[in-house]
Amino acid sequence: MTQYLNFEKPLAEIEGKAEELRALARANEEMDIEAEAEALDAKAEQLLVDLYKDLTPWRKCQVARHPERPHCKDYIKALFTEYTPLAGDRNFADDHAVMGGLARFNDQPVMVIGHEKGSDTKSRIERNFGMARPEGYRKAIRLLQMADKFGLPVITLVDTPGAYPGKGAEERGQSEAIARSTEACLQIGVPLISVVIGEGGSGGAVAFATANRVAMLEHSVYSVISPEGCASILWKDAEKMREAAEALRLTAQDLQELGVADYVVSEPNGGAHRDAETAIAAVGDAIQNLLDEMKAMDGPALIKDRQQKYLDLGSKGLAA
Amino acid sequence: MNWITNYVRPRINSIFSRREVPENLWQKCSECGTMLFHRELSDNLNVCTNCDHHMAITPRARFDALFDGGIFVEIDVPEPVADPLKFRDQKRYPDRMKAAQKKTGEKEAMLVVEGEIGRTPIVAAAQDFSFMGGSMSMYVGNAILAAAERAVELKRPLVLFSAAGGARMQEGILGLMQMPRTTIAVQMLKQAGLPYIVVLTHPTTGGVTASYAMLGDVHIAEPNALIGFAGARVIEQTIREKLPEGFQRAEYLLDHGILDRVTKRTEMRKELVTIIRMLMGQSPQVVGDLPAPEQLDDAIADAENDVQDAAEDKADAT
């Protein structure tokens, strides 16, 4: 049973009706409702197309955060083989909000790192809702450097509301850990590809997404601050998140225009959570294409390419 | 309309308004409440003479006091695209910019300069918290890159005084992208083997802390400066706990190994000179009240003239 978002209410009603009809038919064999139910299905299908055709930025945020959206774990399971998690920052702890390890991508050995939000109450708590602590970033730094040492391309999967705002996180240097992770991203002489699969939450995302190529899923978002946070600061009213989401230009499409995202991966109709398999496969194709793009570059060229991408972000705005 | 309304009333009003204390002559310490005379306060670098509370200081006032003879040269910063997102909240971003420019008299939230401190050549950058919360914009990114490039060109260390709430929301993702951009600036200095010293001032938080402000060779903070990633209120709401006294303050961070030193503003100059001269392999600093470099040249010229004059006098005498 799909969890409907607020704006999907009309869809929920139609699909509910179709479901009801079919349930009735099962109880009463005399009834022939299939034609009617199919009409409802078609109507629902069309409504879904209409709803997702032109999602507002705030709706995109909701889709990006959808609890049933495929998460890092699902991508790793489907796209990689021989995934061998590597744990810990060698200092304090292993942060479960960050997954990472060696794996094969289309048989090529790579390092994969990503935020994992969890998929039920238990795993969400264990994963801290995808909010990493300093240990998570320090684990990532360790894996980035290891990949550099052994010449393995790195793929990062970004999906985090942001870095964890906690007492211990601050005491153990959350800022420094993020800064060093961004620095490590910039320093490695291997291809670094980042895919924003859901939420790219501020500094917590930058720490992983400072890549040669950044791909974003069609309904993913990447922002300096959450729309709610922005609304409460600039509008002094957290309920103005729709306006804030609009103003922040946080959609994949806007980011592509601004030069932050290099590639937008299309999602199945109704969002990645309605057909995870198709969405994940599309991401896999995108990763392979982007890896191929960088095949000819050696270590120094890759570092220079990455630096240039970010140095250029200061000269371009959205077309008026 | 008669002479009373036209003439007498304005005169009376002007007498009374003149009686009011001129503005800005006295400032109240926000910590201990002591009234401080403005000149005394600025002579003490906006540090309360009663309780040592460090109040905000503008980049220009800081540099006036920092550089020998108050002499420094501004470094040009490339202009970024203005208002890249056509951002509008309750106000338009360009209007907010204009208001900030009017309020501070500065163009943007960061000033980058070169000059000498204690005869030690440096490049310095300072962030202005009074300019839209010091927020990291594309201009700020450009400023830090310009500072780093100039430092590399002149083979000088970079001293950066940070003060910011984080990335500038009105520039959205492009504000956030200054995190990797400024990190590249820091890498330029690293590659050139030049010291990068961060002086963290009140407050330094968010994306600024999570990039260039935490990547220094040496981290020095001003006393009691608020330094952190997340805001205290957000943390309290997340963990549903009261935070300890002094949380995210400079001394707390020093205790947790995140800073090298906490140093009073009035002693900062001396300390910077000492550290930089050691890192740059220069001889120990000359202690004393040094005149500005230009004035020094004049002084040398004067001394030489004096010697010459004396010699001439002597020749005349004989």
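Some points to look at:
- Residue match in the range B:258-265 (condition: touching a residue at least 60 places away in the same chain (Cβ under 8 Å) and within 12 Å of chain A (Cβ to nearest Cβ)): no
- On the stretch given as the range B:107-142, residues that are out of contact with any helix residue (DSSP H, G or I) (no Cβ under 9 Å at 6 or more places or on another chain) and hydrophobic (A, V, I, L, M, F, W, C) total 1.
- Hey, A:ASP275 under 16 Å from the mean Cα position of the chain (by Cα), surrounded by fewer than 17 Cβ atoms within 10 Å (Cβ to Cβ), of a type in the set (D, E, K, R) and farther than 30 Å from B:GLU79 by Cβ or not: yes
- Filter pass, B:GLU241 being assigned to a helix (DSSP H, G or I) and either free of Cβ contacts under 8 Å to residues at least 12 places away in the same chain or charged (D, E, K, R) (or both): no
- Scanning the range B:48-74 for residues that are in contact (Cβ under 8 Å) with a residue 24 or more places away in the chain, more than 14 Å from the chain's Cα centre (by Cα) and closer than 23 Å to B:ARG249 by Cβ turns up B:ASP52, B:HIS53.
Listed here are the residues, each with its yes/no results for (1) within 15 Å of the chain's Cα centre (by Cα); (2) modelled with pLDDT under 95; (3) in a helix (DSSP H, G or I).
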position: A:GLU228; (1), (2), (3): no, yes, yes
position: A:LEU234; (1), (2), (3): no, yes, yes
position: A:ALA279; (1), (2), (3): yes, no, yes
position: A:VAL283; (1), (2), (3): yes, no, yes
position: A:ILE287; (1), (2), (3): yes, no, yes
position: A:ALA301; (1), (2), (3): no, no, yes
position: A:LYS304; (1), (2), (3): no, no, yes
position: A:LEU313; (1), (2), (3): no, yes, no
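- Subset of the range B:161-175 that is closer than 22 Å to A:LEU313 by Cα and aliphatic (A, V, I, L, M) - its residue that is farthest from the other protein chains (Cβ to nearest Cβ): B:ALA164
- Selection status of B:ARG249, surrounded by 14 or more Cβ atoms within 10 Å (Cβ to Cβ), free of Cβ contacts under 8 Å to residues at least 60 places away in the same chain and among the basic types (Lys, Arg): yes
- Any chance B:PRO94 is farther than 26 Å from B:GLY281 by Cβ and at the interface with chain A (Cβ under 9 Å from one of its Cβ atoms): no
- Condition check for A:LEU21: modelled with pLDDT under 95 and in contact with a helix residue (DSSP H, G or I) (Cβ under 6 Å, 6 or more places away or on another chain): yes
- Annotation: B:ARG240 fulfils all but one of (1) within 13 Å of chain A (Cβ to nearest Cβ); (2) surrounded by fewer than 16 Cβ atoms within 10 Å (Cβ to Cβ); (3) on the phi < 0 side of the Ramachandran plot; the unmet one is (3).
- Restricting attention to the range B:176-189 and to residues that are more than 9 Å from chain A (Cβ to nearest Cβ) and not β-branched (Val, Ile, Thr), the residue that is farthest from the chain's Cα centre (by Cα) turns out to be B:MET188.
- Cross-chain or 6+ apart pairs with Cβ under 6 Å, the range A:273-302 first and under 21 Å from A:VAL112 (Cβ atoms), then surrounded by fewer than 15 Cβ atoms within 10 Å (Cβ to Cβ) and of a type in the set (A, V, I, L, M): none
- Scanning the range A:144-159 for residues that are over 19 Å from A:TYR222 (Cβ atoms) and crowded, with 23+ Cβ neighbours inside 10 Å gives A:LEU144, A:ALA147, A:PRO153.
- Condition met for B:VAL123 (outside any helix (DSSP H, G or I), in contact with an Asp or Glu (Cβ under 6 Å, 6 or more places away or on another chain) and crowded, with 22+ Cβ neighbours inside 10 Å): yes
- Scan of the range B:127-170 for residues that are among the aromatic types (Phe, Trp, Tyr), surrounded by 24 or more Cβ atoms within 10 Å (Cβ to Cβ) and within 19 Å of A:SER175 (Cβ to Cβ), ordered by number: B:PHE161
- Residue in the range B:108-118 that is in a helix (DSSP H, G or I), within 14 Å of another protein chain (Cβ to nearest Cβ) and of a type outside the set (S, T, N, Q) present: no
- Selection of the range A:179-199 for residues being facing chain B (nearest Cβ under 8 Å) and under 28 Å from A:ALA279 (Cβ atoms) yields A:THR182, A:CYS185.
- Of the criteria (1) surrounded by 15 or more Cβ atoms within 10 Å (Cβ to Cβ); (2) out of contact with any helix residue (DSSP H, G or I) (no Cβ under 8 Å at 6 or more places or on another chain), which one B:THR263 fails: (2)
The values are calculated or read from the model by the stated rules, or taken from the named source; none is laboratory data. Because the structure is a prediction, the values reported are computed rather than measured. Positions of Cβ are generated from backbone atoms using ideal geometry, with glycine treated the same way; all protein chains shown enter the neighbour counts.
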